[in-house]
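First up is the structure itself, then whatever we jot down about it.
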Amino acid sequence: MSGAWRRLDLAGGGLQEANREIARTLRRRGIAYGLWLLFPAGAHRFYLAEALGGLVYVAATAALLAFAVAGWTVAALVASAVLVSLASHRLRLLGKPLGIARIDASENAILLQFVPNPPLEPARIIKLIQTKRNYKLAGQDRLRIEVKLPELKARVAEIRRVFAELG
């Protein structure tokens, strides 16, 4: 007989007592499957009766999720910055034939700055200022359009519309 069998203590109850001890330490099947579904959260460590391992696993999972969310946030910010940059570049290209040197668009107004001696008829700009109340001259080379546009897409569309009026 091996040494392990000699050290086995059946607590005086024989095989029946050994089966009760095993049944007491085993987990229920429903609980086991539930914990298996929560494996990514570290619940399997609790099933294995490793409380410290379970807590460490849960903390590591939460940290990884936080980094993933932060990474996606950074990626979303970078993507939106690229889209804004592309939109502004396209608008600069559209404004160049009109003699527009600079475009500033905020939530409250659009400011177009013209190059010296733009290729536009001054009468066209004066007519726009006279017919539209929200068009104003802001110096000798700037046109200010007062309009409330909180969204970037709306600003881009409005600038394109103004370019169509000017061209």
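Within the set of pairs 6 or more residues apart or between chains, which connect a residue that is outside any strand (DSSP E or B) inside region 94-107 to a residue that is among the small types (Gly, Ala, Ser) with Cβ atoms less than 8 Å apart?
From region 94-107, the pairs are Pro97/Gly167; Leu98/Gly167.
Just need a number here: residues in region 116-154 that are of a type in the set (Gly, Ala, Ser) and surrounded by 12 or more Cβ atoms within 10 Å (Cβ to Cβ). Even if it seems obvious, please write down each step before you answer.
Step one: of region 116-154, the residues of a type in the set (Gly, Ala, Ser) are 123, 138-139, 154.
If we keep only those that are surrounded by 12 or more Cβ atoms within 10 Å (Cβ to Cβ) too, we end up with 138, 154.
Adding up the residues that qualify gives 2.
Kindly list the number of the only condition in (1) surrounded by fewer than 13 Cβ atoms within 10 Å (Cβ to Cβ); (2) at pLDDT 90 or above; (3) under 20 Å from Ala157 (Cα atoms) that fails for Leu93.
(2)
The rows are residues; the columns are (1) modelled with pLDDT of 90 or more; (2) among the hydroxyl-bearing types (Ser, Thr, Tyr); (3) within 32 Å of the chain's Cα centre (by Cα).
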| residue | (1), (2), (3) |
| --- | --- |
| Leu64 | no, no, yes |
| Phe67 | no, no, yes |
| Gly99 | yes, no, no |
| Leu112 | yes, no, yes |
| Pro122 | no, no, no |
| Asn134 | yes, no, no |
| Glu158 | yes, no, yes |
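The values are calculated or read from the model by the stated rules, or taken from the named source; none is laboratory data. Note that the structure is a prediction, hence the values are computed from the model and not measured. Because the Cβ atoms are built from the backbone with ideal geometry, glycine has one as well, and the counts that use them run over all protein chains shown.
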